[in-house]
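**Q** Please see the structure below; I have some questions.
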Amino acid sequence: VFLGNGPSGICLSYLLSGYVPYLKRHSIHPHPILQRKLEEAPDISILDQDLEYLSEGLEGRSHSPVALLFDTLQRPDTDFGGTAESVLTWWHETNRAIPHLVLGRNAPGGAWHSIEGSMITLSRGDWMGLPDLPFKDWLKQKRRGLRNNRATAEDIAQYYQHYVMKKGLQKNFSCDTVVTSVKKVSAESISNHAQKDLQESSDSLWTLNEKSTEVFQVDGFFKTVKGDEEPFSIYAENVVLATGTYDGPTWLGVKGENLSYVHHQLSALEEAVKNNIGIMSDPVLIVGAGLTAADAILFAHHCNIPVIHVFRRRVSDPGLIFNQLPKMMYPEYHKVHQMMKEQSAACAGPYECYISFPEHHVLSFGKDKKCIIQDKNGYQKAYKISMALVLTGSNPNLSFLPNNGMDLAMDSDQPVNPKRNPIDVDPFTYECTQEKGLYALGPLAGDNFVRFVQGGALAVASSLLKK
């Protein structure tokens with residue numbers, strides 16, 4: 001059973017539906033050492049090879065060796081601007097399919113259905129594609145090109161739904177599903193009644209392995225067309241957590257943050273513009289230095305709304321996302337970064353309606369719409385604002401796991417966080433080190449780009465096929 005039907009869940013469903021990757025005959029990978037390793041076993045599927053051996057020595061924009069491996073097999077020289085074709089060919093071996101069920105709240109595509117449809121993706125469009133159906137080929141069928149090599153969120157959401165249909169995976173997907181609990185139970189403790197149901201079920205999905213002494217019980221409910229909630233219980237030997245991180249925005253935890261003018265989503269600014277916030281209003285306070293904050297600044301700038309921008313880091317901090325993006329591909333984010341540098345409170349610059357406060361943080365929000373901010377030396381300033389947008393990231397909701405999943409994290413005293421405290425998994429199987437049979441994929445395991453979540457799916461599929 002997989003929890004989450006975003007790109008991680010879709011990719012894993014494809015691999016477990018009997019689609020098996022092999023090295024394409026006569027293809028040559030530009031990485032000579034990897035090519036030599038691939039030539040050692042050209043007729044053995046990648047799933048059946050030693051992933052640790054194949055991925056050894058690969059370098060790139062991910063910390064996961066398997067993510068780098070699967071990415072470079074599908075897009076061999078993409079980081080150097082190349083367009084070399086995948087060195088993989090896919091065979092459909094139905095005898096190797098593993099019965100599975102993918103549970104998700106939305107249609108296939110996960111959180112991509114919740115993102116503002118016109119938003120341009122950070123990643124290049126061809127990096128958003130899933131195995132054996134290039135995104136750009138799908139866009140061509142729609143007679144559309146990629147703007148600056150990038151796609152809109154709506155395109156991506158539609159592509160993922162199309163992928164599931166085209167590859168015949170829809171029978172494995174159950175949408176409008178909410179999981180409320182996942183816990184380990186002994187196989188004996190499942191009531192005889194449930195055991196009988198499992199055996200009589202015509203679908204081999206529920207047949208438990210004779211050797212299993214413990215299984216996972218997954219409880220939740222389906223939302224019916226009428227809006228009712230129908231409860232369910234499913235028993236599975238393996239559970240894959242692929243629920244992403246889009247569940248809940250991060251709060252600052254300061255006084256007054258729950259006041260009605262303080263918001264944690266970009267959509268609140270779009271609503272405010274419809275309700276007459278504009279050039280004559282008090283400034284909008286934007287907190288955060290990630291891409292969502294940048295999107296808010298661009299939107300406000302476009303609507304001539306004055307902005308006060310507060311963030312904790314230095315503008316030159318290498319950890320700042322803007323310092324990691326190529327200028328050519330991301331001109332709009334480069335512009336925001338320039339504004340942050342050139343238009344700080346300390347020195348006036350060329351941009352109207354914007355002022356940046358690097359190395360500052362919010363102390364409190366007042367009922368009179370006054371916000372107090374403080375710099376690194378303890379100096380405080382107060383500003384009258386029209387609204388505040390706190391855009392400092394989001395947290396996964398793992399309330400269906402015991403102790404909110406904290407026991408599974410790298411630091412089990414802290415909540416799971418994709419960037420700072422992901423779930424601790426084996427790098428070559430993605431199985432949780434603290435709980436056998438439980439796997440974690442995507443942002444929960446620290447892989448935050450669609451391009452790299454697919455290697456995790458390869459690792460899980462390879463591990464499950466060997467069980």
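The values are calculated or read from the model by the stated rules, or taken from the named source; none is laboratory data. It should be emphasised that the depicted structure is a prediction, and the values quoted were computed from it without experimental measurement. Every residue, glycine among them, receives a Cβ derived from its backbone with ideal geometry; neighbour counts consider all protein chains shown. These area figures cover heavy atoms from the full protein model, side chains too; ligands, DNA and RNA do not enter into them. Shrake-Rupley method; radii C 1.70, N 1.55, O 1.52, S 1.80 Å.
**Q** For the chain, find the longest principal axis of its Cα atoms and tell me its angle to the long axis of helix 7-16, 0 to 90°, nearest 10.
**A** 10 degrees
**Q** Want the number for Glu85 to Asp228: 0.36 nm per residue separation, take away the alpha-carbon distance, what's left?
**A** Numbers: separation 143, 0.36 × 143 = 51.48 nm, distance 4.76 nm.
Residue separation times 0.36 nm, minus the Cα-Cα distance, leaves 46.7 nm.
**Q** Divide by every residue of the chain the summed helix terms, -39500 (n - 2.57) for each DSSP H run of at least 4, and state the resulting mean residue ellipticity at 222 nm, rounded to the nearest 500 deg cm²/dmol.
**A** Working: 11 runs with 113 residues, N = 467.
The helix-only estimate for the chain comes to -7000 deg cm²/dmol at 222 nm.
**Q** Let me ask you something else. Normalising by the residue count of segment 371-467, find the relative contact order in percent from Cα pairs under 8 Å and 6+ residues apart.
**A** Values: 120 pairs, mean separation 15.2, N = 97.
Worked out over segment 371-467, it gives 16 percent.
**Q** Calculate, in nm to one decimal, what Lys367 and Glu40 gain on full extension: separation in residues at 0.36 nm each, minus their alpha carbon distance. Could the numbers behind the result be given before it?
**A** Working: separation 327, 0.36 × 327 = 117.72 nm, distance 6.91 nm.
Length gained, Lys367 through Glu40: 110.8 nm.
**Q** If you don't mind, there's one more thing I want to ask. Using Cα atoms only, what is the angle between the long axis of helix 65-74 and the major principal axis of the chain, expressed in degrees (0 to 90) to the nearest 10?
**A** 80 degrees
**Q** Quick check: the angle from helix 291-302's long axis to the longest principal axis of the chain, C-alpha only, nearest 10 degrees?
**A** Tilt of helix 291-302: around 40 degrees.
**Q** Please report the antiparallel percentage of DSSP beta bridges with both residues in segment 250-394, rounded to the nearest 5. List each step's numbers first, then the result.
**A** Values: 10 of 26 bridges.
Taking every DSSP beta bridge within segment 250-394, about 40 percent pair in antiparallel fashion.
**Q** Using a probe radius of 1.4 Å on heavy atoms only, what accessible surface per residue do you get for segment 250-394? Whole Å² is fine. Please list the in-between numbers first.
**A** Details: 7340 Å² over 145 residues.
Result: 51 Å² of accessible area for each residue.
**Q** Projected onto the charge dipole of the chain (+1 at Lys/Arg Cβ, -1 at Asp/Glu Cβ, origin at the Cα centre), which of Thr213, Trp91, Leu259 gives the Cα projection farthest towards the positive end?
**A** Checked the options; the winner is Leu259.
**Q** What is the magnitude of the charge dipole of segment 250-394 about its Cα centre, with +1 placed on the Cβ of each Lys and Arg, -1 on the Cβ of each Asp and Glu, and no other charges, expressed in debye to the nearest 20?
**A** Details: 14 positive and 12 negative charges, 65 e Å.
In total the dipole reaches around 320 debye.
**Q** Here is a further query. Using Cα pairs closer than 8 Å and at least 6 residues apart in sequence, work out the relative contact order for the chain, in percent. Don't skip to the end; give the middle numbers.
**A** Working: 888 pairs, mean separation 86.4, N = 467.
With pairs under 8 Å counted, the relative contact order is 19 percent.
**Q** Pop out the carbon and sulfur fraction of the accessible area of the chain as a percent, whole number, probe 1.4 Å. Mind showing how you got there, number by number?
**A** Details: 11370 of 22760 Å².
The value for the chain is 50 percent carbon and sulfur by accessible area.
**Q** Convex hull over the Cα atoms of the chain, averaged projected area in nm²? Please report the intermediate quantities before stating the final value.
**A** Working: hull surface 101.0 nm².
Hull-based average projected area comes out at 25.2 nm².
**Q** Using +1 on the beta carbon of Lys and Arg, -1 on that of Asp and Glu, and nothing else charged, what's the dipole of the chain about the Cα centre, debye to 20? Write down the numbers at each step before the final one.
**A** Numbers: 45 positive and 52 negative charges, 307 e Å.
Value, rounded to 20: 1480 debye.
**Q** Here's another thing I want to ask about it. If contacts are Cα pairs under 8 angstrom and at least 6 residues apart, what is the relative contact order of segment 250-394 in percent?
**A** 35 percent
**Q** Further question on the same structure: Would you list, by chain and number, the lysines whose Cα falls below 28 Å from the Cα of Lys369, excluding same-chain residues fewer than 8 positions away?
**A** Hits, sequence-local ones excluded: Lys255, Lys274, Lys341, Lys381, Lys384.
**Q** Sticking with this one: Taking θ = phi - 60°, what integer Hz values does the Karplus form 6.51 cos²θ - 1.76 cosθ + 1.60 yield along segment 408-414, in sequence order, with x for Gly and Pro?
**A** 8, 6, 4, 10, 6, 8, 10
**Q** Turning to a different aspect of this structure: Please report the projected area of segment 289-419's Cα convex hull averaged over all directions, in nm².
**A** Details: hull surface 42.8 nm².
Reported value for the Cα convex hull: 10.7 nm².
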